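First comes the structure, then the notes that go with it.
Please treat every number below as a calculation from the coordinates, not as lab data. Just so it is clear, the model here is predicted, and its values are computed rather than measured. Methodologically, a virtual Cβ is constructed for each residue, glycine included, from the backbone with ideal geometry; neighbour enumeration extends over all protein chains shown.
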Amino acid sequence: MSAIARNLAVVNDRIAAAAARAGRSRDDILLVAVTKTVPSGRVNEAISAGVGAIGENRVQEARAKWPGLRGDVEKHLIGRLQRNKVSRAVELFDWIESVDRIELAEEISKRAVAVGKVMPVLVEVNSSGETSKAGVSPKEAGALIERAALLPGIRVEGLMTIGPLTPDEEAVRLAFRETRRLFDRLRDEPPRGAEMNRLSMGMSGDFEIAVEEGAHIVRIGSAIFGDRS
Ligand SMILES: *Cc1c(COP(=O)(O)O)cnc(C)c1O
């Protein structure tokens, strides 16, 4: 077994254990293997080992790397997206998890309509309040979803967040819990046109907490592929 396959098995066990602790089904959680900086040969190892979804944070890197991929995987854009890259992003990706402003949603809509696609998107929320982080503030999320969900060619499916960068597990848990509450509120009374099905949160350092707090998508890179140098 390759190191990647071994790491993947460990990560999957940890997701399953966290789901069990929360009384949740493992099947409700999608693992997105984050492949940024990982060459296609190693991504292929992960696909061979059973990874069904991958995430990249740069359009250009995805475009250069993906011709070398074997097998069919769902492709998620998880990084900040510039307007002039939207056309390519719509072409390359199956999901865009990082919509954080209406101008971006409008551009995705326009490009998706032009190619006859309906793009599932998540609205990125800045749950930590760290100013370096992307994402709309929790207070503004509802208004952004309301507007984005009315656009053609786009389907708002939920929220994405990046947890606070701190060793304080309780602070991380609190941020995830707050995001989950926001998600639940929006799911219970969804803005017209939105279907709030997915909450994407949790990375290598905090995915078990995220699963315990209700994540449907976890985005995991270094725990599978090793540290990025
Ligand atoms: C890099 C990245 C991840 C994965 O980070 P790891 O700590 O390597 O698991 C998840 N989400 C986003 C948005 C990222 O940029």
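One table, with the values for the structure above:
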{"read-out": "Charge context of Met201, other residues only, Cβ under 13 angstrom, K/R +1, D/E -1", "value": "0"}
{"read-out": "Pairwise centroid distance, computed over Cα atoms, of region 48-100 with region 121-200, Å", "value": "20"}
{"read-out": "Candidate aspartates and glutamates - alpha carbon under 20 Å from Lys85, same-chain residues fewer than 8 apart omitted", "value": "Glu56, Glu61, Glu74, Asp94, Glu97, Asp100, Glu103, Glu106, Glu107, Glu124"}
{"read-out": "Where only alpha carbons of region 28-174 are counted, the Rg and the Dmax (Å)", "value": "15.7, 46"}
{"read-out": "Given the chain, longest segment not containing exposed loop GluC sites (Glu not before Pro) (DSSP; at most 16 other Cβ within 10 Å)", "value": "1-129"}
{"read-out": "The chain - percent relative contact order, Cα under 8 Å, separation 6 or more", "value": "20"}
{"read-out": "Cut-off 13 Å between beta-carbons: net charge of the residues surrounding Val38, Lys and Arg +1, Asp and Glu -1", "value": "+1"}
